[in-house]
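The values are calculated or read from the model by the stated rules, or taken from the named source; none is laboratory data. Quantities reported herein were computed from a predicted structural model and do not represent experimental measurements. Cβ: placed from backbone, ideal geometry, glycine included. Neighbour counts: every protein chain shown.
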Amino acid sequence: MVDTFKEVADEGTLYVTNKRVLFVGSRKNVSHPINKIVAISRYADAIQFQKENEARPKYFLIRDPYAIDEIGLIVNRLATGI
């Protein structure tokens, strides 16, 4: 589990397109353009995206551990163009 946060701020759905990573939550929506993502970290139960010029990265809890790897690979490939 990620130790960086103490509580879940929102619940919703994480979408990945060829242009952005979008979290649609019940309280807030978060959009990370793929070309602005500078780092991706995968954890056992979460994925973190660090956006260019953003002081604090966003963590997204994910229930399916296989989805974490898949999302990380897809976003990394889109961001690097590989």
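Observations, loosely collected:
- Pairs with Cβ under 8 Å, 6+ apart, first in region 52-79 and farther than 17 Å from HIS32 by Cα, second modelled with pLDDT of 90 or more and exposed (fewer than 11 other Cβ atoms within 10 Å of the Cβ): none
- Matching residues, region 38-55, being in contact with a strand residue (DSSP E or B) (Cβ under 9 Å, 6 or more places away or on another chain) and under 21 Å from ASP10 (Cα atoms): ILE40, SER41, ARG42, TYR43, ASP45, ALA46, ILE47, GLN48, PHE49, GLN50, LYS51, GLU54
- Meets criteria (assigned to a helix (DSSP H, G or I) and not hydroxyl-bearing (Ser, Thr, Tyr)) for ILE71: yes
- Leading residue by the ranking (farthest from VAL30 (Cα to Cα)) among those in region 41-82 that are touching a helix residue (DSSP H, G or I) at 6+ places or on another chain (Cβ under 9 Å) and β-branched (Val, Ile, Thr): ILE82
- Meets criteria (surrounded by 13 or more Cβ atoms within 10 Å (Cβ to Cβ), over 16 Å from ALA9 (Cβ atoms) and within 13 Å of the chain's Cα centre (by Cα)) for VAL75: yes
Residue-wise test of (1) outside any loop (DSSP other than H, G, I, E, B); (2) at pLDDT below 90.
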position: LEU14; (1), (2): yes, no
position: ASN18; (1), (2): no, no
position: LEU22; (1), (2): yes, no
position: VAL38; (1), (2): yes, no
position: GLU54; (1), (2): no, yes
position: ALA67; (1), (2): yes, no
position: ASN76; (1), (2): yes, yes
